[in-house]
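*Asks:* Quick one: the structure is below, questions incoming.
The values are calculated or read from the model by the stated rules, or taken from the named source; none is laboratory data. Note that the structure is a prediction, hence the values are computed from the model and not measured. Cβ atoms come from the backbone with ideal geometry, glycine included; neighbour counts cover every protein chain shown. To get the accessible areas, we keep the full protein, side chains included, count just its heavy atoms, and leave off ligands, DNA and RNA. Shrake-Rupley method; radii C 1.70, N 1.55, O 1.52, S 1.80 Å.
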Amino acid sequence: MSDKGFNGLTVAAFENRMAAEMTGLIERYGGRPMVTPAMREVPLEDNREALQFGERLLADQVDVLILMTGVGLETLIGVLKTRHPLESITEALRRITLVARGPKPAAVLKQLGLTPTLTVPEPNTWRDLLRTLDTNSPVLGLRVALQEYGASNAELLEELRERGATLSRVPVYRWALPENLDQLREALGNILAGQVDVLLITNAVQVDHVMQMLTKDGGVEQFKQAVQRMVVASVGPTASERLRHYGWPVDIEPSHPKMGTLVKETAER
């Protein structure tokens with residue numbers, strides 16, 4: 001372990017899927033973890049958009065597929081396999097331009113025996129995605145499908161339309177607040193009371209959900225004042241952009257947009 005660390009500071013995070021790993025990392029670097037999920041993943045009850053995309057894909061009515069996340073691509077393939085043979089799906093994907101927003105969707109494509117036409121470089125933001133398209137494969141006049149996994153990015157959608165794409169969204173699940181909000185309310189109360197020293201943000205939707213809770217329960221301005229007295233660390237540019245949108249500080253952004261790097265470099269600093 002590094003000789004630098006949190007030295008007993010209380011470190012909060014809103015991680016859900018990797019809450020146990022986050023707790024362990026904070027403890028490893030000498031912090032007192034307060035890890036409280038601010039979101040949960042809910043499969044869409046109605047996969048109409050994904051199934052309609054499958055029909056268009058197999059009918060050669062899609063030119064470009066933008067893959068935002070690896071887990072989202074896995075989910076999309078699972079939906080399509082309920083209607084079509086996997087071999088037909090992969091052959092149809094092989095005929096179109098595949099744009100992977102970073103290494104995770106690229107890895108899922110590799111498992112399918114496919115190679116992305118374009119891979120968006122780090123830090124894999126939607127602006128990096130647009131730059132990659134503009135430089136290598138302009139979308140003017142093309143039929144573009146955007147695989148979404150989580151909250152829809154209205155700015156990205158608008159930018160693609162402005163570039164002349166005929167755009168269709170392919171959502172495969174949505175984010176929701178936790179079913180039981182008591183733990184999240186308690187965590188926010190601890191922050192408001194000045195009992196938290198460091199806040200780690202690993203996903204932009206966490207910020208949306210915290211603001212949603214604060215707006216509902218009151219305390220938005222008090223919370224903004226509280227985080228000014230803390231160290232707020234953001235996993236990467238996308239999360240940082242959302243933090244600044246709501247007027248939160250961004251004190252630390254790690255050298256790589258990974259959870260482990262976030263915790264390590266925040267502890268060291």
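*Asks:* Which listed residue (Val139, Tyr149, Leu181) has the Cα farthest towards the positive end of the charge dipole for segment 110-269, taking +1 on Lys and Arg C-beta and -1 on Asp and Glu C-beta about the Cα centre?
*Replies:* Value computed over the given set: Val139.
*Asks:* Let me ask something else. What is the angle, in °, between the Cα long axis of helix 126-136 and the longest principal axis of the Cα atoms in the chain? Nearest 10 is fine, range 0 to 90.
*Replies:* Tilt relative to the chain: about 30 degrees.
*Asks:* Taking the highest mean first, how do the peptides 210-221, 119-130 order by number of other beta carbon atoms within 10 angstrom per residue?
*Replies:* Highest mean packing first, the order is 119-130, 210-221.
*Asks:* Let me ask you something else. Tell me, what is the per residue accessible area of segment 172-269 in Å², probe radius 1.4 Å?
*Replies:* Result: 45 Å² of accessible area for each residue.
*Asks:* I would also like to ask the following. Provide, as a two-decimal number, the C-alpha radius of gyration of segment 63-202 over 2.2 N^0.38 Å, N being how many residues it has.
*Replies:* Normalised Rg, Cα atoms only: 1.27.
*Asks:* With point charges of +1 on the Cβ of Lys and Arg and -1 on the Cβ of Asp and Glu, referenced to the Cα centre of the chain, which listed residue (Leu214, Leu114, Gln228) lies farthest in the positive direction of the dipole?
*Replies:* Working it through, the farthest residue towards the positive pole turns out to be Leu114.
*Asks:* Can you bin segment 229-269 into rounded, prolate or oblate? Criterion: square roots of the alpha carbon gyration tensor eigenvalues sorted a ≥ b ≥ c, rounded for a/c under 1.5, prolate for a/b above b/c, oblate for the rest.
*Replies:* The shape class here is oblate.
*Asks:* Right, next: Could you pull out every one of the aspartates and glutamates with an alpha carbon less than 14 Å from that of Lys110, ignoring same-chain neighbours closer than 8 positions?
*Replies:* Reachable aspartates and glutamates: Glu74, Glu91.
*Asks:* A further question follows. In nm, what is the difference between 0.36 nm times the number of residues separating Leu112 and Ala20 and their Cα-Cα distance?
*Replies:* Full-extension gain reported as 30.1 nm.
*Asks:* Going by a ≥ b ≥ c, the root eigenvalues of the Cα gyration tensor, does segment 1-141 fall in the rounded group (a/c under 1.5), the prolate group (a/b larger than b/c) or the oblate group? Don't skip to the answer; put the middle values down first.
*Replies:* Values: a/c = 2.84, a/b = 1.91, b/c = 1.49.
Taking the square roots of the gyration eigenvalues as a ≥ b ≥ c, segment 1-141 is prolate.
*Asks:* Could you tell me the calculated FRET efficiency between Arg95 and Glu155, based on Cβ-Cβ distance and R0 = 45 angstrom, to the nearest 0.05? Don't skip to the end; give the middle numbers.
*Replies:* Values: r = 29 Å, r/R0 = 0.66.
The pair Arg95/Glu155 has a calculated efficiency of 0.95.
*Asks:* Shifting gears a bit: Could the peptides 159-165, 12-18 be put in order, highest first, of the mean number of other beta-carbon atoms found within 10 Å of their residues?
*Replies:* On the way: 159-165: 16.4, 12-18: 21.7.
Averaged packing, sorted descending, gives the order 12-18, 159-165.
*Asks:* How do Arg40, Arg28 rank by accessible surface area computed with a 1.4 Å probe, from largest to smallest?
*Replies:* The ordering from most to least exposed comes out as Arg28, Arg40.
*Asks:* Right, another one. What's the angle, to the nearest 10 degrees (0 to 90), between helix 19-28's Cα axis and the longest principal axis of the chain?
*Replies:* Roughly 50 degrees, rounded to the nearest 10.
*Asks:* Leaving out ligands, DNA and RNA, and with a 1.4 Å probe, what % of the accessible surface on segment 1-130 is carbon or sulfur?
*Replies:* Whole-percent figure for carbon plus sulfur exposure: 50.
*Asks:* Turning to a different aspect of this structure: In whole angstrom, how far apart do the alpha carbon centroids of segment 211-267 and segment 142-178 sit?
*Replies:* After rounding, the separation between the Cα centres reads 25 Å.
*Asks:* Suppose a student asked you for the relative contact order of the chain, using Cα pairs under 8 Å spaced at least 6 residues apart; what percent would you report? Don't skip to the answer; put the middle values down first.
*Replies:* Details: 468 pairs, mean separation 59.6, N = 269.
Over the chain, the number comes to 22 percent.
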